[in-house]
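The values are calculated or read from the model by the stated rules, or taken from the named source; none is laboratory data. Everything quoted here is computed from the prediction, not taken from an experiment. Here Cβ is always computed from backbone atoms with ideal geometry, including for glycine, and neighbour counts include all displayed protein chains. Only protein heavy atoms, including side chains, enter the accessible area calculation; ligands, DNA and RNA are left aside. Shrake-Rupley method; radii C 1.70, N 1.55, O 1.52, S 1.80 Å.
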Amino acid sequence: MPGHANHLPPPGDADTARVSPRRRRGMFTLAAAGLAAAVGLLSITVATGSASAADNPYQRGPDPTRTSVATENGPFANTSVSVPTGYGFNGGRIYYPTDTSQGTFGAIAISPGYTALFSAELAWMGPWLASHGFVVIGIETNSRNDFDTARGTQLLAALDYLTQQSPVRDRVDPNRLAVAGHSMGGGGALSAATRRSSLKAVVGIAPYSPSSNLANDRVPTMIFSGQADTVVTPSYATGLYNSLPATTESVYLEVAGADHGFMVGRSNPVMIRTMLPFVKMFIDNDARYSQFLCPLLDSNGVVTYRSTCPLLPSTPTTPTDPPTDPPTD
């Protein structure tokens, strides 16, 4: 793709057509009749979320609003620390909330795409997610030509480093972890999910996944595609989504007019207001965010939306003690 380094390898390097069909998920439309039914469901969801808020030890931050989920700057002050090489990936950077009063936070490891650098293309995601109450580790890959499986291995190594050896390990709940990535990095995230079913969420952003069999994916999965993406086409992304098991909680979203690099080097409003609720629901078990995805509250800039609503998270695990202050650089 002109202007971006995270292009895919030449044709023939992998079988891009290898996906298995599955039963199609129900479409959520915004027709008037659908909206009328959705209003009733929404009121029930919000009431349930509010009633159970006191019982959820992982809930972080104030009650979300349509405005708050769409902002790149959330309620948590945050900072970052660099990660050296030598832990199974090529270093990177950790972003984390500075608040130590609310206990530990869920964490997300993010991989860049083929030939790309996290620091050059996806670094904006670190402060964004940290400001909304997550610890984020953005990795650089051992080789910029690493395929999806290698990137998946490195994402898992990054999570192990984050929870066991990093200077912020006391801030992270090792039972609430997720992975994400763009292009080949998105394929790496999907690969990681098929190998570690204990992950709470996986987000593939225009993911290229030549090596993974998503029929084995049991992790709640979100897949983004771009309407104008000629590298990882919407039909390819849809094929990946269709190959997920019917029992796996999932969301598919196609961004209107978006090319392969729609989130490269800059935030994207559609991605921000939909990815945040997804990871909040599945990493933090936070039902307050259901209102934004079940049904989709804001369809501006969205061509296609599919989901397994009501998108029910698993039972929370026991939180760990509040953390201490780590060093920064």
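Tell me, what % of the accessible area of the stretch 67-307 is carbon and sulfur with a 1.4 angstrom probe? Heavy-atom surface of the stretch 67-307 belonging to carbon and sulfur, 1.4 Å probe: 45 percent.
For residue 73 and residue 256, FRET efficiency with R0 = 22 Å and r from the beta-carbon atoms, rounded to 0.05? Approximately 0.35, to the nearest 0.05. Phi angles of the stretch 298-314 translate, via the Karplus equation with coefficients 6.51, -1.76, 1.60 and θ = phi - 60°, into HN-Hα couplings of 10, 9, 4, x, 10, 8, 9, 9, 9, 7, 9, 3, x, 6, 8, x, 7 Hz per residue; Gly and Pro are given as x.
Peptides 237-246, 125-134, ordered by how many other C-beta atoms sit within 10 Å of their residues on average, highest first, read 125-134, 237-246. Residues whose amide H falls under 5 Å from that of residue 83, counting only those 5 or more places apart or on a different chain, are 92, 93, 94, with hydrogens built in the peptide plane.
When Rg and Dmax are taken over the Cα atoms of the stretch 140-248, they come to 13.8, 43 Å.
In this view, the solvent-accessible surface of residue 80, computed with a 1.4 Å probe and all protein chains in place, comes to about 20 Å². Couplings 3J(HN,Hα) of the stretch 253-259, computed from phi: 9, 9, 8, 4, x, 7, 8 Hz, in residue order, whole Hz [Karplus 6.51 cos²θ - 1.76 cosθ + 1.60, θ = phi - 60°; x for Gly and Pro].
Sorting 253, 312 by accessible area puts them as 312, 253; the probe is 1.4 Å, largest comes first, and only protein heavy atoms count. Once you reduce the stretch 184-258 and the stretch 267-304 to the center of their Cα atoms, the two points are 16 Å from each other.
So if the hydrodynamic radius of the stretch 67-307 is defined as the Kirkwood radius over C-alpha pairs, what does Stokes-Einstein give as its diffusion coefficient at 20 °C and 1.002 mPa s, in µm² per second? In µm²/s, the coefficient rounds to 124. Residues in the stretch 263-275 carry Karplus couplings, in order, of 10, 6, x, 7, 6, 10, x, 5, 5, 4, 7, 10, 5 Hz; the curve used is 6.51 cos²θ - 1.76 cosθ + 1.60 with θ = phi - 60°, and Gly or Pro positions show x. For the pair residue 230 and residue 198 in one chain, pulling the backbone fully straight at 0.36 nm per residue adds 8.2 nm over the alpha carbon distance.
Hey, rough spin-label estimate for residue 215 and residue 144, points 7 angstrom out along Cα→Cβ, what's it come to in nanometres? The modelled label-to-label distance comes out at 3.7 nm. Maximal additional length on extending the residue 312-residue 246 stretch stands at 22.4 nm, based on 0.36 nm per residue less the C-alpha distance.
Between the amide H of residue 109 and those of 137, 178, 179, 180, distances stay under 5 Å, these residues lying 5 or more places away or on another chain, with hydrogens modeled in the peptide plane.
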